[in-house]
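Quick notes on the structure that follows.
The values are calculated or read from the model by the stated rules, or taken from the named source; none is laboratory data. On a predicted model such as this, the values are computed, not experimentally measured, just so you know. Here the Cβ positions follow ideal geometry from the backbone for every residue, glycine too, while neighbour counts run over all protein chains shown.
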Amino acid sequence: MTNFDPQRVRTDIPLMRRVINGRPITYLDSGASSLTPRTVIEAMDRYYENHHANVHRGVYQTANESTAIYEGGREAAARFLNAPGGSGEIVFTKNATESFNLLARSWGTKFLAPGDVVLVTEMEHHANIVPWFQLREAHGIEVRFIPVGDDYRLDLSRIEELMQGVKLVSVTGMSNVLGSINPIRELADMAHAHGALIAVDGAQSVAHLPTDLVDLDIDFLAFSAHKMLGPTGLGIFWTRADILESMPPFLGGGGMIKDVSVDGYTPAGGPTRFEAGTPPIAEVAGFSAAVQYLEDLGLDNIAAYEKELTGDALTRLARNFGDTLRVIGPADTLERGGVISLDVKGVHPHDVAQVLDQFGVCVRPGHHCAKPLMKRFGLAATARASYGPYSLVDDTDVLLEALAHAVEMFA
Amino acid sequence: MAGLDDLYREIILDHYRSPRNRGELPPPALRVEGFNPLCGDEITVYAQVEDGVLRDIKLTGHGCSISQSSSSLMSTAVKGKSLEQVRETIATFKQLMTVHEKKLGDDAEDNDVDAEIRRLGELAALAGVVKFPVRIKCATLAWNTLTQALDELPA
């Protein structure tokens, strides 16, 4: 872990200086959105201060610079993900949710027929459920769910049966509630053996685990910049070049066309076909800086460090609270990320989060946009703490102190 | 700065731990469900109305301490009252969840508001909720559900 020092990461993040209710901020909500390093903020400032112009087609100096910055974002993403076909496979969207809508509306509408099955899992975020339900309404596809076992892992015992008629497997890399990391390569092999494609929700995993598209052998990937130290308002959609070229446009307008006449239009080729209108150029500049920042830290280092933090937290939560507190997720750190959902006996998650806020602790109460999963475990909500590369064991100390206060208060 | 004590008053915690008027009423009592889609809180209000009087009220559901204690406090405040009085109490409470915010902000003397809060009795314990804007919807869930039930009464 030569290059990795969480204390240095903290000094790189201006927001770490915040004081909340008289205490230094204890940010444990990276699963919802990560904090932003100064280099990311500066990259966006630099863009507006020195280069700002609309991208593509401009002939003047700053327009060319802006285009280079924007297209540079695709290069950064392709490098970050080891995209087999390079930057031409990277599409910029608004967020991971829009990436899934692009997948469902464009690829799904063209390639799925009534009765075709999209196989998702019970642990998906609504972003990877609702677009498929919408496609079910519009095109009569079937949406099927891989169940989650009592061990908080995908239950693959009936997978052969579930795979019948499946055209697409769409699964999260890491659950935003349980922290469970799914066996993506195994699922990809299974999908391909059945003639299906596989899409992965990388929103929770890309900033916390290495993502190598060649190794994973998947077909689609969706994620958001703001969960990987980048800015809000930018999502990434990746697919293999041959699939990309076969997909019809999703949103129509300027920038996505090759030609328009009074008789009709011809869509552009490549990723720009899916990028109607002026794109989020400053956000792409910030995204490139975030990719650089994560690469400098090293995803392997981040994964190993967050595993340590998570293991320590799970051990101490069990020791300090016993039966008073249940972790909704795997109890060990094997194939598990730094997302810890808590069910505190006698204290509603909203009250937990409210008491924690008084200690400057930022956690998220609610269903985490995963209501089928909540129902699976008989819960309306959990209070979720989630780590990032700037998290410290000290953050867990404050979390435990605040949790003890909440338990005492409602006892 | 708003502290936890402003929100979690002892009366609130008491009603959360030992909710009053829990349970169901058989038909023909009115039955209306209230739901907060953002946090998953659910409340079902059963109201038995006879001769323009809310004879009995029962509640089931689950949610945070604020939504559950507010529903319990509401049930004790409106049970046995005339519908006119019930509607007045609802209006006063909802006023507490909105106008009162201004008063808390500038510490201005406002005898009307003070008088109204006093009139609410135990319910006044919920006054601190307005200092925590995201929790106001928790406190008003039961009240909105009761309003809906009353609106369903034949004219």
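Just a few scattered comments:
- Taken over region B:11-46, the residue count meeting the criterion of being touching a residue at least 24 places away in the same chain (Cβ under 8 Å), within 11 Å of chain A (Cβ to nearest Cβ) and of a type in the set (Asp, Glu) is 1.
- Considering residues of region B:50-64 that are surrounded by 17 or more Cβ atoms within 10 Å (Cβ to Cβ) and modelled with pLDDT under 95 only, the residue farthest from the other protein chains (Cβ to nearest Cβ): B:61
- Filter pass, residue B:13 being among the hydrophobic types (A, V, I, L, M, F, W, C), in a helix (DSSP H, G or I), crowded, with 16+ Cβ neighbours inside 10 Å and modelled with pLDDT of 90 or more: yes
- Selection from region A:226-243 of residues that are closer than 11 Å to residue A:280 by Cβ, surrounded by fewer than 24 Cβ atoms within 10 Å (Cβ to Cβ) and among the small types (Gly, Ala, Ser): A:233
- Taking every residue in region A:18-32 that is within 14 Å of chain B (Cβ to nearest Cβ) and pairing it with any residue that is loosely packed, with under 15 Cβ neighbours inside 10 Å, at least 6 positions away or on another chain, the pairs with Cβ-Cβ distances below 8 Å are A:21/B:1; A:22/B:1.
- Subset of region A:44-58 (residues that are under 18 Å from residue A:273 (Cα atoms) and either touching a Phe, Trp or Tyr at 6+ places or on another chain (Cβ under 6 Å) or part of a helix (DSSP H, G or I) (or both)): A:55
- Boolean, residue A:362 is touching a residue at least 40 places away in the same chain (Cβ under 8 Å), within 13 Å of chain B (Cβ to nearest Cβ) and within 26 Å of residue A:303 (Cβ to Cβ): no
- Matching residues, region A:157-205, being in contact (Cβ under 8 Å) with a residue 60 or more places away in the chain, assigned to a loop (DSSP other than H, G, I, E, B) and not polar (S, T, N, Q): A:177, A:178, A:179, A:183, A:196, A:202, A:203
- Cβ-Cβ contacts under 6 Å between residues 6 or more apart (or on different chains), taken from a first residue in region B:52-70 that is farther than 9 Å from residue A:348 by Cβ to a second residue that is among the aromatic types (Phe, Trp, Tyr), are listed as B:58/B:46; B:69/B:16.
- No other residue among A:122, A:89 is surrounded by fewer than 24 Cβ atoms within 10 Å (Cβ to Cβ) and within 20 Å of the chain's Cα centre (by Cα) apart from A:122.
- Some residue of region A:378-399 being surrounded by 18 or more Cβ atoms within 10 Å (Cβ to Cβ), facing another protein chain (nearest Cβ under 10 Å) and either at positive phi or modelled with pLDDT of 95 or more (or both): no
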